[in-house]
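Below: one structure, written as C-alpha cells.
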Amino acid sequence: MTHPMLKQLPGKKSFQSGIRRAPKRNVELTSEEKRLALKNALRYIPVEHHGIVAPEFLEELETMGRIYGYRYRPEGKIWGKPIDQYPGILEARALQVNVDNNLDFEVALYPYELVTYGETGQVCQNWMQYLMIMDYLGKMTEEQTLVIASGHPYGLFKSHRMAPRVVSTNAALVGNWDDADSFNKLAALGVSNYGQMTAGGWIYIGPQGIVHGTYLTLLNAGRLYLGIPEDENLAGVVFVSSGLGGMSSAQAKAIEIAGGVGVIAEVDESRIKTRLDQRWISLVSDDLEQIAVWIEEYRTKKEPISIAYHGNVVTLLQFLHVKNIRIDLLSDQTSCHVVYEGGYTPAGIGFDEGRELIQSDLKRFKSLVNESLTMHYEVIKSLVERGTRFFDYGNSFMASVLDAGVKEIARNGFD
C-alpha cells in the first residue's frame, strides 16, 4: 500500500547527540520471520527503492530489534506547532499537534524510536506510518474517519459529522497470545504496537496528567494505613519510591502537595535533570548519608519536600533499613511491565552498564534483574515487619517478583 508521501526516497538521517535512544528490543526471529518483518515494512515503500532501503531495514531489525525507518523521519525538530500551521479540519489539526508533541525531543523518552513514555509506549511503529497518518489527517473531511491498528493506517472511511475522526487500537492481543514474548515477536514483525495510554492515543501531557490522582492516592494511603485524619495532610510522613520517568515523576510533586517528605530513587541521571529543570523535584543527591539527613530534617520540621536519590532503589532501601530510618509509606514505579527490556535496572550496576548488558548479554542481565528483584522484595519485607506500609502501584512489580522466583509473594505460590 505505497502512499504518495513515500514515493520519494529521502536521504539518510543522522542522530542528534544528547537525545535518549531506545535499547535494543531483544527477540529471536527465524530467517523466515526476518523476511516477513522486512516485507511488512517494505509494503509502504515503492519497489524501486527496495534495493536501497531493505538492507537498512534489516540492519535496524538486527541492531535495534525493530524496524523504525529512520530514513523517513522528517528533518529537524518535531514539535507541537500552533494549530493554524497544520492543514485540514480543526479536529484533524488538533490531532496533528498532539502527534508532534508526543515526538518532541523535550517530551518523548526515545523520540527517534517514536517512544513517548513508559519505556515502550509508541506513537506508532515506524516513521513511514507517521508520514501516512499525518497526511491522512491533513486531508480528511468532517465526514470521514481514519482507522488505525497498531500504528498502521488502513485509510479514510466515510462516516458522519458526529462520528470519531480517528478510531485506533494498539496491541490488541488476546488469549494465548496475550503475553510479553508473543507481543515482542509481533512487534518485531511489524504487526503490533504498544501505545501505553497516551502515546498511541496521541494525548500525552507528562506527569501533570496524573499528579492529582497520585496526590489522592498518597493522601488516602496515609488515611487508610497511618490513620491520618481527613482534615490533615501528610506532614511528617516519609514516602519512598522509585522512578522519575514520564508518569512516575508525578510521585515527587504529589507527595509535596500532600505535605509529606518524598524520596524517589532514579538510576537515569538524565531523567533527574529533566525533573529538576521542570521543578518536579526540589533536592538531589547520590550521597545516602545526605539523603538520611534530609529525611530526618524535613520529617522533624514537618515541611514538605521532594528528594531525588540518584541511585538504585534497592541500595536506598537497604541503607535506610540498616540505619533504622523509619519509612511510613513505600511503593515502586519502575517500568516492570518491561522488566527485562530496560524498565528495571538491577542493583549493583549503573544505568548505562545495564543498557550495555541488554545488548551484549541479555541472559546475564535477566539473571541480575531476578537477583535484584529478590533483594528488593526481601528488604521491603523487612521494612514492613518494622511497620512500613507498602503498596504495589499497578506497575507489575509484584508480578515481576513472582516471575523472578519468589513464590511466597503469592498466597497460593503461583499467581
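Bear in mind these aren't lab numbers, they're just calculated from the coordinates by the rules spelled out. Computed from a predicted model, the values in this text were never measured in an experiment. We place every Cβ from the backbone using ideal geometry, glycine too, and count neighbours over all the protein chains shown.
Mean projection of the alpha-carbon convex hull of region 4-204 over all orientations, in nm²?
Computing the convex hull of the Cα atoms and averaging its projections yields 11.6 nm².
Calculate the length of the line joining the C-alpha centroid of region 135-190 to that of region 101-121, in whole Å.
Rounded to whole Å, the Cα centres lie 19 Å apart.
With an 8 Å cut-off on Cα pairs and a minimum separation of 6 or more residues, tell me the relative contact order of region 207-409 in percent.
Details: 363 pairs, mean separation 40.4, N = 203.
Computed over region 207-409, the figure is 20 percent.
How many nm is it between the label spots at F414 and E232, if each spot is 7 Å from the Cα in line with the beta carbon?
4.6
Among 340-347, 369-376, 249-256, what's the highest-first ranking by average C-beta atoms within 10 angstrom per residue? Before the final figure, lay out each step's value.
Details: 340-347: 23.4, 369-376: 21.2, 249-256: 27.1.
Most protected by this proxy first, the peptides run 249-256, 340-347, 369-376.
If r is the Cβ-Cβ distance from A399 to H212 and R0 is 22 Å, what FRET efficiency results, to the nearest 0.05?
Numbers: r = 27 Å, r/R0 = 1.21.
Calculated value: 0.25.
How big is the dipole moment of region 153-245 about its Cα centre under a simple scheme where the beta carbon of each Lys and Arg is +1, that of each Asp and Glu is -1, and everything else is neutral? Debye, nearest 20, please.
On the way: 5 positive and 6 negative charges, 127 e Å.
Value, rounded to 20: 620 debye.
Given the chain, report the % of alpha carbon pairs whose separation exceeds 36 Å. Write down the numbers at each step before the final one.
On the way: 26691 of 85905 pairs.
Roughly 31 percent, rounded to a whole number.
How high is the relative contact order of region 4-204? Use alpha-carbon pairs under 8 Å, at least six apart in sequence, and give a whole percent.
Numbers: 346 pairs, mean separation 46.1, N = 201.
Over region 4-204, the number comes to 23 percent.
Counting helices only, and only those DSSP H runs with n ≥ 4, report the 222 nm mean residue ellipticity of the chain as the sum of -39,500 (n - 2.57) divided by its residues, in deg cm²/dmol to the nearest 500.
On the way: 13 runs with 161 residues, N = 415.
Calculated from helices alone, the mean residue ellipticity at 222 nm is -12000 deg cm²/dmol.
Scan region 292-378 for trypsin sites (Lys or Arg not before Pro) in coil per DSSP, keeping those whose Cβ has at most 15 other Cβ atoms within 10 Å, and list them by number.
Details: sites: R299, K301, K302, K323, R326, R355, K363, R364, K366; in loops: K302, K323, R326.
Loop-located and lightly packed - K302, K323, R326.
Roughly how many nanometres apart are two label points built 7 Å out from the Cα toward the Cβ at F105 and N324?
5.2
What ranking, highest mean first, results for peptides 218-227, 91-100, 264-273, 44-53 when packing means the other Cβ atoms within 10 Å averaged over each residue?
Values: 218-227: 16.9, 91-100: 19.4, 264-273: 21.1, 44-53: 14.8.
Peptide ranking by packing, descending: 264-273, 91-100, 218-227, 44-53.
Quick one: check the C-alpha center-to-center distance for region 320-344 versus region 352-408, whole angstrom.
Distance between centres, Cα-based: 8 Å.
Sticking with the crude label model, points 7 Å out along Cα→Cβ, report the distance from L36 to Q16 in nm, one decimal please.
Once both label points are built, they end up 3.8 nm from each other.
Of K139/K185; K34/K407; K12/K34, which ones are farther than 27 Å apart at the Cα?
K139/K185; K34/K407
If you take the beta carbon distance between A54 and T300 as r and set R0 to 45 Å, what does 1/(1 + (r/R0)^6) give as a FRET efficiency, to the nearest 0.05? If you can, show how the numbers build up before the last one.
Working: r = 65 Å, r/R0 = 1.44.
Efficiency, from the Cβ-Cβ distance: 0.10.
How high is the relative contact order of the chain, given as a whole-number percent (alpha carbon pairs under 8 Å, six or more residues apart)?
Once divided by the residue count of the chain, the mean separation gives 12 percent.
Which helices count as membrane-span-like in the chain under these terms: full DSSP H, at least 15 Å along the axis by C-alpha, Kyte-Doolittle mean of 0.5 or more? All intermediate terms of the calculation are to be shown ahead of the outcome.
Numbers: long enough: 31-42 (16 Å, -0.72); 50-64 (20 Å, 0.19); 90-102 (18 Å, -0.45); 127-139 (18 Å, 0.23); 211-226 (21 Å, 0.56); 288-301 (20 Å, -0.46); 362-385 (34 Å, -0.03).
Passing helices, by number: 211-226.
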